[in-house]
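Below is one structure, written out as structure tokens, with a few remarks after it.
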Amino acid sequence: MAKAPRYPELPAGKLRWRCPKKYFNFKTTANIKPCKNIIGQDRAIDAIKMGLELDHRGYNIFITGLVGTGRTTTIKHLLEQLEKKGSVPPDICYMRNFKNPNMPVCIELEAGRGKRLFSDMNSLILDLMERIPAVFKSDYYKSRRKKLIESIQVKQKKIISAFEQKISKEGFAMVSMQMGPVIRPELLPVHEGNPVNFNQLAQLVEEKKIPGDTFEKLQKTAGTLSEEMGQVYLEVKEFEKKLRRILEQLDSETIQPVVHEMIHEIDSRYSNDELSRVLIEVEKCLMQKLDLFRSGGEEEKLKLPMSLTDEMPSASDPLREFRVNVVVDNSDTKAPPVIIENFPNLKNIFGVIEREFSSGGWSKSDHMNIRSGSFHRASGGYLVLNALDVFIEPGVWQILKRTLKSSEAVIQSYDPFNLMGSSALKPEPMQVKVKIVLIGDANLYYLLQQHDEDFSKIFKIRADFDRETDNKALVIKQYAGFIRGLGERESLRCFDPSGVAAVVEYGVRLAGRQNKLSTRFSRIADLIREADYHARVDGNGVVSKKHVQQAIRSHIRRVNLIEEKLQERIEEGTLMIDTKGAVVGQVNGLSVYILGDYLFGKPSRITARTALGNSGVINIEREADLSGNTHNKGVLILSGYLRGKYGRKNPLVMSASLCFEQSYGGVDGDSASSTELYAILSSLAGLAIRQDIAITGSINQKGEIQPIGGVNEKIEGFFKVCKAKGCKGTEGVIIPKQNVRDLMLDEEVINAVKRGKFHIYAISSVDEGISILTGVRAGSLLKSGNYSKGSVNDLVQRKLEEMALKWKQFGKE
């Protein structure tokens, strides 16, 4: 056997990046200024600024990125800066459309003027309730009204008196008869000075007290006089109609100047054409409803709202139609509004037309029932929404698209569970200009781009938040400023330089590379808060490195129950993992388990059995439908490597089966492809593989080792197993050389490496790995086409040639 040379190990200094203390020229973070800038998101910030400042249709913003990278915080920060710029949007009011009551009129007024109009219209009603009754009660009005009534009554009496004289000469009298609820005049003949009806008169004829021809004459005369009485009655009614018109004219002449003056006063304050048209109709309607003011009293006055915070008049209010509904009030707004809608359902965003129910169960709606949504309140400003919430809520996305394309916002009734149907009210649309900011993830963004043709037209700006930023002095100092700022806002303890450095190193670990820092500041902020808690428990006034480490360990303990259960199964032998000795065709691979935002690594036993055949490499996981696409690809790649490496002279006549032992939940990823290859090579060469070394890394068809993810978790996972089983000082891990820059290992692992109790090897090729695992030189290809005698490659080549020969002989037989 060709013994392998000793392969160099990684020194402890390369296993973790340590934050330089030179960046922290302070005793505690109390001595520095808080960082108010957004850290590490220059690309996204530039995109957002451009989107916010471009005042053209369609330049709305879709923000993508991981949760916790500061998407919402950034947009709030930038919008706060923009709040100081721009004009205040107008108030939006609705008033009754007297020509078409089902289409309330939308009126825009300068900010604060809507509130004033609301008060002015209510004051108008209050004043009219005082002044109109006062006019009606004035002596001047009463005198004129009395004279007009008396003049008509005189004419009526004259007609009636002339008719009464005529019927008296004919022997009749006019009496009032009760006919149910109605009193009507009746002509009756007079007998012996008393009016009697014709039934009584017929009785007298039978008794021969009056002659029959007299009775017949009276009947004929009664018919003629009844016709004349009908004419008299019509003349009297005409006088009553005339009186009504005269009195209405009197009311108009007396009251209209008062009403006109007061409405003109309101109109002159606003100089709004739409409002002027509505006020003309208000004046006409008021003059038609003067009877409502004839008995105004204190009780009615007390019920009138005089501010927007007062209770609105109910549907039974007879003067409700003259009131103003201020749906968007910007009286207290100093800059373009910024609305963050956390509950973006249809009503909350686009408003609703409410219903008012009567005691009989009937409902009605008018302009006073219109309620605005956050979209309308954001007019002239910005509306921030969570994209996923928008798509989950029924109807929101479609209406949002239509509104953005038309720049018109229509408030509709929305009550899908009402069996009585929706309101027929259709308010005039508002002319709105809102900048929409949607916060979502990249998958949703690409899905919309692909399947919704309108999406790219209305969301032309994408701001993509990065999960990491460069690890450099400026960013490290900004981390310290972030700690200071969070402490100020939430009254947390200050951090000393060791505590800040520990937080920065945690940011590097989150980023997954030594030259990067994480921008997932929600996680960083949680660590800061929890470190502050541990400092408080310890009774320390300053947070140091040990408190940050305690917070990290505490967080892991809260979420690593499954990891501990797996560790227990390994320690008790239920999950079979060897950490000593050497076995042919058996390798310790390294896997990463992902539980939400927590990752941990554990070794997995990977075995290979080879035999004569033509099936090639059989992936047992795939055959059992437990293998993911990426893992399948990795197995196919190692098959290509075997053909290219050892199939130049003879065809590969081999059947090899690969298996993740005791794996029942599925396998994916190609990080075990090198491990699987080593198991096959070991089986073919008959060389035992060290069980005290675990390996990770993917390969390509040329035999180069490629980097993988989760390298820290994998190393720490195997170290825990070795520690539990008792370290002999030979244990270690083989990783791809490109992953060295990703190492941020736990201090316990680093200390073990320093003491020579644990070893980490970084390799770049399959040959390097197989040499470490078997202790035999991999062997180089000679000019003869063979490999160095006694090397791993030589043993594998010979075995495959032997298989090919046997297969050939088998075929002849």
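Can you find even one residue in segment 465-478 that is part of a helix (DSSP H, G or I), free of Cβ contacts under 8 Å to residues at least 40 places away in the same chain and either under 12 Å from Ile39 (Cβ atoms) or among the hydroxyl-bearing types (Ser, Thr, Tyr) (or both)? Within segment 465-478, one or more residues are part of a helix (DSSP H, G or I), free of Cβ contacts under 8 Å to residues at least 40 places away in the same chain and either under 12 Å from Ile39 (Cβ atoms) or among the hydroxyl-bearing types (Ser, Thr, Tyr) (or both). Hey, among the residues in segment 178-209 that are at pLDDT 75 or above and touching a helix residue (DSSP H, G or I) at 6+ places or on another chain (Cβ under 6 Å), which one's nearest to Val232 (Cα to Cα)? Among those that are at pLDDT 75 or above and touching a helix residue (DSSP H, G or I) at 6+ places or on another chain (Cβ under 6 Å), it is Leu187. Among the residues of segment 771-802, those that are among the β-branched types (Val, Ile, Thr) and either within 53 Å of the chain's Cα centre (by Cα) or farther than 20 Å from Lys714 by Cβ (or both) comprise Thr774, Val776, Val792, Val796. Within the set Leu486, Leu510, the sole residue that is crowded, with 19+ Cβ neighbours inside 10 Å and farther than 16 Å from Gly40 by Cα turns out to be Leu486. Do we have Ile760 as of a type in the set (Val, Ile, Thr), open to solvent by 10 Å² or more (accessible area, probe 1.4 Å) and under 21 Å from Pro736 (Cα atoms) here? So Ile760 does not fit the description; no. Among what's in segment 676-703 and is part of a helix (DSSP H, G or I) and among the small types (Gly, Ala, Ser), pick the residue that is farthest from the chain's Cα centre (by Cα). It comes out as Ala685. Residues Asp291, Asp251: which one is closer than 18 Å to Lys137 by Cα and out of contact with any helix residue (DSSP H, G or I) (no Cβ under 7 Å at 6 or more places or on another chain)? Matching residue, one of Asp291, Asp251: Asp291. As a summary of the residue check, Val733 satisfies the conditions (1) surrounded by fewer than 17 Cβ atoms within 10 Å (Cβ to Cβ); (2) assigned to a strand (DSSP E or B) except for the one numbered (1).
Between residues in segment 706-725 that are over 13 Å from Phe600 (Cα atoms) and residues that are open to solvent by less than 30 Å² (accessible area, probe 1.4 Å) and aromatic (Phe, Trp, Tyr), which pairs lie under 8 Å by C-beta distance while being six or more apart or on different chains? Correct list of pairs: Cys722/Phe758.
Residue-by-condition table, conditions (1) assigned to a loop (DSSP other than H, G, I, E, B); (2) closer than 19 Å to Gln549 by Cα; (3) touching a His at 6+ places or on another chain (Cβ under 7 Å); (4) of a type outside the set (A, V, I, L, M):
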position: Phe482; (1), (2), (3), (4): no, yes, no, yes
position: Leu492; (1), (2), (3), (4): yes, yes, no, no
position: Gly499; (1), (2), (3), (4): no, yes, yes, yes
position: Val503; (1), (2), (3), (4): no, yes, no, no
position: Gly507; (1), (2), (3), (4): no, yes, no, yes
position: Leu510; (1), (2), (3), (4): no, yes, no, no
position: Gln514; (1), (2), (3), (4): yes, yes, no, yes
position: Leu517; (1), (2), (3), (4): no, yes, no, no
position: Ser522; (1), (2), (3), (4): no, yes, no, yes
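Under the condition of being in a loop (DSSP other than H, G, I, E, B) and of a type in the set (Val, Ile, Thr), the residues counted in segment 205-231 number 1.
Just checking, does segment 686-697 include any residue being acidic (Asp, Glu) and touching a strand residue (DSSP E or B) at 6+ places or on another chain (Cβ under 6 Å)? No - not one qualifying residue is present in segment 686-697. Being surrounded by 15 or more Cβ atoms within 10 Å (Cβ to Cβ), on the phi < 0 side of the Ramachandran plot and either within 52 Å of the chain's Cα centre (by Cα) or not in a helix (DSSP H, G or I) (or both) is a description that does not apply to Val258. Taking only pairs six or more apart or across chains, which ones have beta-carbon atoms under 6 Å, a first residue in segment 269-289 that is among the hydrophobic types (A, V, I, L, M, F, W, C), and a second residue that is not in a helix (DSSP H, G or I)? Close Cβ pairs (under 6 Å, with a partner that is not in a helix (DSSP H, G or I)) amount to Leu275/Ile107; Val278/Met95; Val278/Val105; Cys285/Phe98. Residue pairs whose Cβ atoms lie under 8 Å apart, separated by 6 or more positions or on different chains, with the first residue in segment 8-20 and open to solvent by less than 40 Å² (accessible area, probe 1.4 Å) and the second acidic (Asp, Glu), are Cys19/Glu505.
If you filter segment 740-757 down to residues that are in a loop (DSSP other than H, G, I, E, B) and charged (D, E, K, R), you find that the one that is least open to solvent (accessible area, probe 1.4 Å) is Asp746.
Can you say whether Ala778 is open to solvent by less than 40 Å² (accessible area, probe 1.4 Å), small (Gly, Ala, Ser), out of contact with any strand residue (DSSP E or B) (no Cβ under 7 Å at 6 or more places or on another chain) and within 21 Å of Ala679 (Cα to Cα), as far as the supplied structure shows? Against the criterion (open to solvent by less than 40 Å² (accessible area, probe 1.4 Å), small (Gly, Ala, Ser), out of contact with any strand residue (DSSP E or B) (no Cβ under 7 Å at 6 or more places or on another chain) and within 21 Å of Ala679 (Cα to Cα)), Ala778 qualifies. Taking segment 560-660 and the helices (runs of 4 or more DSSP H) fully enclosed by it, the elements with 2 or more residues that are among the hydroxyl-bearing types (Ser, Thr, Tyr) and farther than 22 Å from Val711 by Cβ are at 629-646. From the list Ser682, Ser698, the one residue that fits, being open to solvent by less than 10 Å² (accessible area, probe 1.4 Å), closer than 20 Å to Ile577 by Cβ, touching a residue at least 60 places away in the same chain (Cβ under 8 Å) and hydroxyl-bearing (Ser, Thr, Tyr), is Ser682.
Within segment 261-282, if we keep just the residues that are closer than 20 Å to Pro133 by Cβ and surrounded by 17 or more Cβ atoms within 10 Å (Cβ to Cβ), the residue that is farthest from the chain's Cα centre (by Cα) turns out to be Met262. Looking across segment 758-804, the residues that are within 14 Å of Leu684 (Cα to Cα), among the polar types (S, T, N, Q) and touching a helix residue (DSSP H, G or I) at 6+ places or on another chain (Cβ under 7 Å) come down to Thr774, Gln797.
Please tell me if Lys633 is open to solvent by less than 70 Å² (accessible area, probe 1.4 Å), out of contact with any Phe, Trp or Tyr (no Cβ under 6 Å at 6 or more places or on another chain), of a type in the set (D, E, K, R) and within 19 Å of Ser674 (Cβ to Cβ). So Lys633 does not fit the description; no. In segment 295-327, of all residues being in a loop (DSSP other than H, G, I, E, B), over 45 Å from the mean Cα position of the chain (by Cα) and surrounded by fewer than 12 Cβ atoms within 10 Å (Cβ to Cβ), the one that is modelled with the lowest pLDDT corresponds to Gly297.
The values are calculated or read from the model by the stated rules, or taken from the named source; none is laboratory data. Nothing here was measured: the structure is a model prediction, and the numbers come from that model. Here Cβ is always computed from backbone atoms with ideal geometry, including for glycine, and neighbour counts include all displayed protein chains. Protein only, heavy atoms only, side chains kept; ligands, DNA and RNA dropped before computing areas. Shrake-Rupley method; radii C 1.70, N 1.55, O 1.52, S 1.80 Å.
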